[in-house]
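Inspection log for the structure reproduced underneath, given as structure tokens.
The values are calculated or read from the model by the stated rules, or taken from the named source; none is laboratory data. As the structure is a computational prediction, the values presented were derived from the model and not from experiment. All Cβ positions, glycine included, derive from the backbone under ideal geometry; neighbour counts span all protein chains shown.
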Amino acid sequence: MELKPINTFTYNMPRSGIRRIMDNATDRDILHLEVGQPNFPTPPHIIQAACEASTDGQGRYTRYTPNMGYPSLREAIAEKLKRENGINASIHNILVTPGATYGIAISLSVLLNRGDEVLIPDPGYVNFSMLVPQYGGVVLRYPTLESQGFMPNIDTITKRITPRTKAIVVNSPSNPTGAVCTEEFIRDLVDIAQGNNLYILSDETYEHIIFEGKHISPGRFDTDGRVVSLFSFSKSYAMTGWRVGYVVASDTIARVLEKQQEFYSSCAPSVSQKAAEVALRDTDRCIKEMVEAYRGSRDLVIDILRKHGLFSYRPRGAFYILINVTSTGMNSDVFADRLLEEQRVAVAPGATFGEIGGRYIRVCMAVSEEVLREGVERICSFIESHRR
Ligand SMILES: Cc1ncc(COP(=O)(O)O)c(C=O)c1O
């Protein structure tokens with residue numbers, strides 16, 4: 001008997017282009033520039049805190065935690081939000097999540113009703129475009145342009161607002177472009193959201209990885225609970241595998257997030273929460289060292305691109321750069337597949353990040369200098385030899 005079809009949307013959902021490249025890039029000689037994660041280990045004192053918590057002999061930190069997360073961690077987060085982000089939140093406004101990935105999903109599940117439109121950047125982080133429709137929403141894209149360093153433009157966004165628009169997604173510093181929004185833009189964005197009664201979903205996963213400019217959180221200008229802020233421990237503290245992040249939201253939204261957490265995951269991993277607490281209290285120095293290393297990598301890539309006449313913009317944060325491949329006549333998927341096969345370099349096809357993204361490949365610069373130098377040289381030669 002033929003079984004009834006499973007969920008139509010997820011069944012038909014395209015696989016991420018990055019995953020395809022990763023699956024095909026298993027040979028040992030391949031240079032990996034496709035995956036987006038720090039090339040540093042988690043700082044030892046954070047690991048030590050997790051070891052101590054998990055071996056205290058009483059199992060205090062190996063059980064379910066409160067749905068919202070340990071109060072001690074949320075207190076440390078509240079202090080950090082005040083100190084670094086200018087956000088005044090009580091621990092009742094903070095939900096600790098298994099990573100920002102999950103924070104995005106649970107926030108959308110709480111915000112959206114069927115037919116609500118969500119404005120997301122193109123190029124932009126893929127999870128938003130994949131998850132919005134799963135919660136009944138409709139994705140509308142707002143373009144960001146290479147000629148403007150991929151900075152979002154307030155008029156471009158405003159023009160796309162309709163009576164059905166529910167939320168605007170902003171991601172600064174951006175994956176995949178590395179653009180960092182200015183304070184003026186963030187203030188305007190909050191004004192626009194207030195004027196049109198919209199929510200802002202602010203993905204601040206890369207908040208600490210800034211080379212020029214300053215990280216400005218929309219939440220600091222929020223006066224009426226319309227900003228939902230998403231944070232992560234993954235990139236700042238090289239903790240991608242620990243799965244810990246947090247959502248900051250108004251009382252109303254936070255109470256629903258708390259209910260929803262019960263059914264989605266109960267809580268974020270207990271031991272990771274203990275590690276995260278130590279990360280927040282004592283890690284400024286390691287963040288600085290990592291950011292300086294990423295800055296060096298960014299500058300190296302720009303030098304190589306300049307040498308080949310391929311430089312077009314300077315990422316001001318995160319650890320990614322987009323390289324335009326339109327001169328080859330190939331779309332980003334074909335380019336990435338052929339680059340892998342012919343040059344043994346794995347990169348992320350930009351089509352994963354949107355229609356405009358399809359003109360680019362994304363290089364993750366959080367790799368050793370040797371791999372980065374060789375990988376980007378090969379990309380440049382490949383573009384030169386296939387230029388139309
Ligand atoms: C923009 C953006 N948001 C969220 C995430 C998810 O981070 P986490 O590891 O906290 O789930 C990533 C990870 O690459 C990201 O690039």
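Summary of computed values
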quantity	calculated
Residues satisfying the stated conditions in region 269-297, i.e. away from the ligand (no atom under 16 Å from the Cβ) and closer than 19 Å to Gly375 by Cβ	Ala293, Arg295, Gly296, Ser297
One residue from Ile6, Ile77 being more than 24 Å from Val347 (Cα to Cα), in contact with a Gly (Cβ under 9 Å, 6 or more places away or on another chain) and modelled with pLDDT of 95 or more	Ile77
Meets criteria (farther than 26 Å from Asn153 by Cα, in contact with a Leu (Cβ under 8 Å, 6 or more places away or on another chain) and either of a type outside the set (S, T, N, Q) or not assigned by TED's automatic domain parsing to the domain that holds Ser217 (or both)) for Val110	yes
Residue that is surrounded by the most Cβ atoms within 10 Å (Cβ to Cβ) [pool: residues in region 61-85 that are part of a loop (DSSP other than H, G, I, E, B) and touching a Ser or Thr at 6+ places or on another chain (Cβ under 9 Å)]	Gly69
Helices (runs of 4 or more DSSP H) wholly inside region 227-342 containing at least 3 residues that are without any contact (Cβ under 8 Å) to a residue 60 or more places away in the chain and surrounded by fewer than 17 Cβ atoms within 10 Å (Cβ to Cβ)	251-264, 284-307
Pick from region 211-239, criterion more than 28 Å from Ile161 (Cα to Cα) and out of contact with any Ser or Thr (no Cβ under 9 Å at 6 or more places or on another chain), ranking: farthest from the ligand (Cβ to nearest atom)	Glu212
Residue check, Ile18 within 16 Å of the ligand (Cβ to nearest atom), in the same structural domain as Gly136 (by TED's automatic domain parsing) and surrounded by 15 or more Cβ atoms within 10 Å (Cβ to Cβ)	no
Output for region 204-232, where each listed residue is within 25 Å of Asp299 (Cα to Cα) and of a type outside the set (Ser, Thr, Tyr)	Glu204, Glu207, His208, Ile209, Ile210, Phe211, Glu212, Gly213, Lys214, His215, Ile216
Residue match in region 32-48 (condition: part of a loop (DSSP other than H, G, I, E, B) and exposed (fewer than 12 other Cβ atoms within 10 Å of the Cβ))	yes
Residues that are charged (D, E, K, R) and under 15 Å from Pro123 (Cβ atoms), drawn from region 291-344	Asp333
Residue in region 282-319 that is nearest to Ala238 (Cα to Cα), counting only those that are of a type in the set (A, V, I, L, M, F, W, C) and touching a Phe, Trp or Tyr at 6+ places or on another chain (Cβ under 7 Å)	Met290
